[in-house]
Amino acid sequence: MAYAFRAPTPLLKDELDIVIPTIRNLDFLETWRPFFQPYHLIIVQDGDPNKTIRVPEGFDYDLYNRNDITRILGPKSSCISFKDSACRCFGYMVSKKKYIYTIDDDCFVAKDPSGKDINALEQHIKNLLSPSTPFFFNTLYDPYRDGADFVRGYPFSLREGVPTAVSHGLWLNVPDYDAPTQLVKPLERNTRYVDAILTIPKGTLFPMCGMNLAFDRELIGPAMYFGLMGDGQPIGRYDDMWAGWCTKVITDHLGLGVKTGMPYIWHSKASNAFVNLKKEYNGIFWQEELIPFFQSVSLPKDATTAQKCYLELAKLVRAKLGKVDGYFIKLADSMVTWIDAWDELNPPKGGVATANGPPKK
Ligand SMILES: O=c1ccn([C@@H]2O[C@H](COP(=O)(O)OP(=O)(O)O[C@H]3O[C@@H](CO)[C@H](O)[C@H]3O)[C@@H](O)[C@H]2O)c(=O)[nH]1
Ligand SMILES: [Mn+2]
């Protein structure tokens, strides 16, 4: 009897959206086609809404420009940044799927040491679908991977692990350096492929890069607000950092895990270090106050969802960071607007979303 060969269904094919912020073009999708084509794309077009962004044939996508964001969110669109990659978080809000993968349009398929193309999306999905170990560090890295396990002395009571909320991937070629480092090391490239995935321990913050990032939208989506950056704001290129610090204090509070390490992508474009310095300056200065603030955050026991935690965090930002700069009062207000908009577009099961639906293609 002849058996018709059927390719395996891609993991989470109908449960994951790929969110891409773009101010350029989407030719990079050609290199990702074997891995991305089965998935729905949410393209957030930044900058001039009258510019036409060409999406390569054969992809299933929704594209949202600034006019769509304003049409869908109305006055609440003020919380979505303009002329900064932070605009991508609109894609997280408007998605209806359980998982999100976000990638920049200058990130390409990397090769592992054997020369094999890395399916970064597949690795992120494996990271998200396997537990994390934030309460006790496993020295042999991810114990749930084939060929690894918990090492001697690891408490058996902790070996079940906790749900993974975030999978933070890394980058070969152009590393995610801040402007001062870029200026000092303009030619430095990351050639070191480290075959490791680590859970970031509870109580430890980390610099989350938005370039190659996946997360469980139902567990932690409301915390993934990329802040007020870019046009009209005194700071830029701290969108993912802000989201990462908020997310980590909330995952710690909710007993969820954050992983970093594989998969790698190939980051091709070094943005201009001087332009970056202007965008980052306040962030480099303010973060010396922001990190102690996040390290001191304690959320109430009755904050049992990402939304409730985030609103508590917004209150603390207003109370404790307003004295650092008036910007943080505006940011605290935008954090609340973000949650209001999130809840409007994502009512509890059975509720009716009031959004005006996806854009015309
Ligand atoms: O105004 C803008 C600028 C850019 N984008 C899109 O956002 C991503 C990232 O842009 P870019 O690659 O130019 O930025 P980098 O300096 O390489 O990366 C920084 O941006 C952070 C977010 O990814 C990353 O963590 C930093 O390292 C591209 O897709 C641009 O098209 C935009 O939408 N609006
Ligand atoms: Mn880039």
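Every number here is computed from the coordinates shown, using simple stated rules; none is lab data. Since the structure is predicted, the reported quantities are computational estimates derived from the model, not experimental observations. Reconstructed Cβ throughout: ideal geometry from the backbone, glycine too, with neighbour counts over all protein chains shown.
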### Message
Students often forget the sequence filter, so: which lysines lie under 26 Å Cα-Cα from residue 308 once same-chain residues fewer than 8 apart are removed?
### Response
76, 96, 97, 98, 202, 248, 259, 320, 323, 330, 349
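Once the piece of chain linking residue 188 and residue 48 is laid out straight, how much longer is it, given 0.36 nm per residue of separation minus the C-alpha distance between them?
Working: separation 140, 0.36 × 140 = 50.40 nm, distance 3.30 nm.
Result for the pair: 47.1 nm of gain on full extension.
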### Query
What order do you get for 10-22, 337-349 when each peptide is scored by the mean count of other beta carbon atoms within 10 Å, highest first?
10-22, 337-349
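So how strong a dipole does the chain carry about its Cα centre when Lys and Arg Cβ are +1 and Asp and Glu Cβ are -1, to the nearest 20 debye?
Values: 41 positive and 42 negative charges, 40 e Å.
Value, rounded to 20: 200 debye.
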### Hydrodynamic radius by Kirkwood, which averages 1/r over all alpha carbon pairs of region 213-361, in angstrom
17.0 Å
### Summary
The alpha-carbon center of region 217-265 and that of region 31-55 are separated, in whole Å, by 22 Å
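Mean residue ellipticity at 222 nm from the helices of the chain, using -39,500 (n - 2.57) per DSSP H segment of n ≥ 4 over the full residue count, to the nearest 500 deg cm²/dmol?
Working: 10 runs with 117 residues, N = 361.
Calculated at 222 nm, the ellipticity per residue is -10000 deg cm²/dmol.
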### Query
Tell me which aspartates and glutamates have Cα within less than 17 Å of residue 51's Cα, excluding those fewer than 8 residues away on the same chain?
27, 62, 68, 84, 105
### Task
Please turn the phi angles of region 198-209 into ³J(HN,Hα) values with the Karplus equation 6.51 cos²θ - 1.76 cosθ + 1.60 (θ = phi - 60°), one per residue in order, whole Hz, x for glycine and proline.
10, 7, 6, x, 4, x, 10, 7, 8, x, 6, 9
### Query
Highest mean first, what order results for 225-234, 170-179 on Cβ atoms within 10 Å?
225-234, 170-179
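Label the chain by shape, choosing from rounded, prolate and oblate, from the square roots a ≥ b ≥ c of the eigenvalues of the Cα gyration tensor; if a/c is under 1.5 it is rounded, and otherwise prolate applies when a/b is larger than b/c, oblate when it is not. Don't skip to the end; give the middle numbers.
Details: a/c = 1.25, a/b = 1.08, b/c = 1.15.
Verdict is rounded for the chain.
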### Query
Leaving out same-chain residues fewer than 8 places away, which aspartates and glutamates sit with a Cα under 15 Å from that of residue 301?
252, 312
### Percent antiparallel among DSSP beta bridges (both partners in the chain, rounded to 5)
40 percent
### Sequence ranges 27-36, 129-138, ranked by mean other-Cβ count within 10 angstrom, highest first
129-138, 27-36
